[in-house]
Amino acid sequence: MGGLDVQRLLEPASMNIKRSGGLNSTIRRAQEGDVDAFAELVERHAPELHRLAAAIVGPDDAADATQEALISAWRQLPKLHSRDSFHPWLRAILVNRCRNVLRGRSRRLSPGVLDFDRRSEPADPGPPMDARLTEQDSLDAAFEILSPDQRALLSLHYTMDLSIRESAEALGIPTGTAKSRLNGALEALRAALSPEVES
């Protein structure tokens, strides 16, 4: 399989592809080297992948991580055995790319992209801007102590609204391990955000 131009696939103009058959048919055609079928898969999944990447690595590196994940998916697609697991498989590739980005850089994710509870909107505009900036700075500092795996888990569970089982699957870890790591990440955030107690 050659000739994949990921930039072309990510451009909106290339997304006007006729859809034929269902998702499994599109995956099968892409596995056989059909670039248009893969472009259709990119169209369906790229927005969610980019959103997840932004939550894990930050908006500055999200496009690169997404593109690297899509290139990797194109190369590995013939090896995908179960077409029904395409979406979790693609998400796992992205999470691994994001882990690599986080491990390879010194700066940390700005947690401002995380939306821990999108379901509820505040009734009032909240505290003044300077107080919100102070809170954001505190959250940024607290988030720096988390490992790449903890950030990925928080992003999958809270930003992407995946269950713990689905988050664990995307990370390639047992569900019990995901629960433990999620608990550890939340405890670390709470400890970092709570006022220091002087002894």
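The values are calculated or read from the model by the stated rules, or taken from the named source; none is laboratory data. Being a predicted model, the structure only gives us computed values, none of them experimental. Cβ: placed from backbone, ideal geometry, glycine included. Neighbour counts: every protein chain shown.
Suppose we filter Ser110, Ser106, Ser147 for residues that are at pLDDT below 90, polar (S, T, N, Q) and loosely packed, with under 11 Cβ neighbours inside 10 Å; which single one remains?
Going through Ser110, Ser106, Ser147 in turn, the sole match is Ser106.
Which one is nearest to Pro174 (Cα to Cα), of the residues in the range 73-103 that are among the polar types (S, T, N, Q) and over 15 Å from the mean Cα position of the chain (by Cα)?
Here is the first cut: in the range 73-103, the residues among the polar types (S, T, N, Q) are 76, 82, 85, 96, 100.
Applying the additional criterion that residues be over 15 Å from the mean Cα position of the chain (by Cα) yields 76, 82, 85.
Working: Gln76: 23, Ser82: 20, Ser85: 17 Å.
Taking the candidates together, the pick is Ser85.
If I filter the range 40-62 for residues that are more than 24 Å from Leu156 (Cβ to Cβ), surrounded by 15 or more Cβ atoms within 10 Å (Cβ to Cβ) and at pLDDT 85 or above, do I get at least one hit? Spell out the reasoning first.
Quick first cut of the range 40-62, residues more than 24 Å from Leu156 (Cβ to Cβ) only: 40.
Next cut, surrounded by 15 or more Cβ atoms within 10 Å (Cβ to Cβ) only: 40.
If we keep only those that are at pLDDT 85 or above too, we end up with 40.
Yes - at least one qualifying residue is present in the range 40-62.
How about the range 162-176: which of its residues are exposed (fewer than 15 other Cβ atoms within 10 Å of the Cβ) and either among the basic types (Lys, Arg) or at pLDDT 90 or above (or both)?
From the range 162-176, those exposed (fewer than 15 other Cβ atoms within 10 Å of the Cβ) are 163, 165, 172, 174-176; that's our starting set.
Within the range 162-176, Ser163, Arg165, Pro174, Thr175, Gly176 meet the criteria.
If you take the residues of the range 12-39 that are modelled with pLDDT of 60 or more and charged (D, E, K, R), which of them is surrounded by the fewest Cβ atoms within 10 Å (Cβ to Cβ)? Please lay out each step first, then the result.
First, pick out the residues of the range 12-39 that are modelled with pLDDT of 60 or more: 22-39.
Checking which are charged (D, E, K, R) leaves us with 28-29, 32, 34, 36.
Numbers: Arg28: 15, Arg29: 18, Glu32: 11, Asp34: 14, Asp36: 14.
Ranking the qualifying residues of the range 12-39, first place goes to Glu32.
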